[in-house]
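What follows is one structure encoded as C-alpha cells, with my remarks underneath.
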Amino acid sequence: MDKKRAAFLSIFVFLAVNVISLARVIEGYYGKEYSHVYPFMFAALISTALATVAFFIWKKEEYKN
C-alpha cells in the first residue's frame with residue numbers, strides 16, 4: 001500500500017475513533033459518569049491531531065508534481 005492510500009484510509013479511521021470518543025464523552029457527561037469524560041476526550045483530541053497529520057501527508061502526496 002502506498003503512502004497516499006495509507007494516509008487516506010487512516011484519516012477515516014482516526015475520524016471514526018474521534019466520533020466514537022466524542023459520543024462516549026457526551027454520554028458520560030450527561031450520565032454523570034465524569035470519570036469517563038477525560039479519557040475519552042483525550043482520545044478524541046489525539047485522534048483529531050493524528051487525522052490532521054494524515055491529511056497533510058495525503059495532501060502532500062496527492063498534489064506532488
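Annotations
- Tilt relative to the chain, helix 3-30 - C-alpha long axis, 0 to 90 degrees, to 10: 10 degrees
- Counted residue by residue at 0.36 nm each, then reduced by the alpha carbon distance between them, the extension gain from Val53 to Leu15 reaches 12.5 nm.
- For segment 38-65 versus segment 8-22, the inter-centroid distance based on Cα atoms is 9 Å.
- q = 0.22, 0.27 Å⁻¹, the chain: log10 I(q)/I(0) [Debye, one scatterer per Cα]: -0.79, -0.99
- Sorted ascending by nearby beta carbons within 10 Å, beginning with the fewest, Arg24, Arg5 become Arg5, Arg24.
- Cβ-placed point charges (K, R +1; D, E -1), dipole of the chain about Cα centre in debye, nearest 20: 260 debye
- Cα long-axis angle, helix 37-62 against the chain (0 to 90 degrees, to the nearest 10): 10 degrees
- Residues Ser35, Ser21, arranged from fewest to most other Cβ atoms within 10 angstrom of their Cβ, appear as Ser35, Ser21.
- Candidate lysines - alpha carbon under 29 Å from Lys64, same-chain residues fewer than 8 apart omitted: Lys3, Lys4
- Straight-line cross-link reach from Lys59 at under 14 Å between alpha-carbon atoms covers these aspartates and glutamates, not counting any fewer than eight positions away in the same chain: Asp2.
- Here's the picture: charge each Lys and Arg Cβ at +1 and each Asp and Glu Cβ at -1 in segment 3-62, and of Tyr29, Ile46, Ile57 the one pushed furthest to the positive end of that dipole is Ile57.
Values quoted throughout were computed directly from the atomic coordinates according to the rules given, and no laboratory measurement underlies them. Because the structure is predicted, anything quoted here is derived from the model rather than measured. For neighbour counting, all protein chains shown are included, and Cβ atoms are generated from backbone atoms with ideal geometry for every residue, glycine included.
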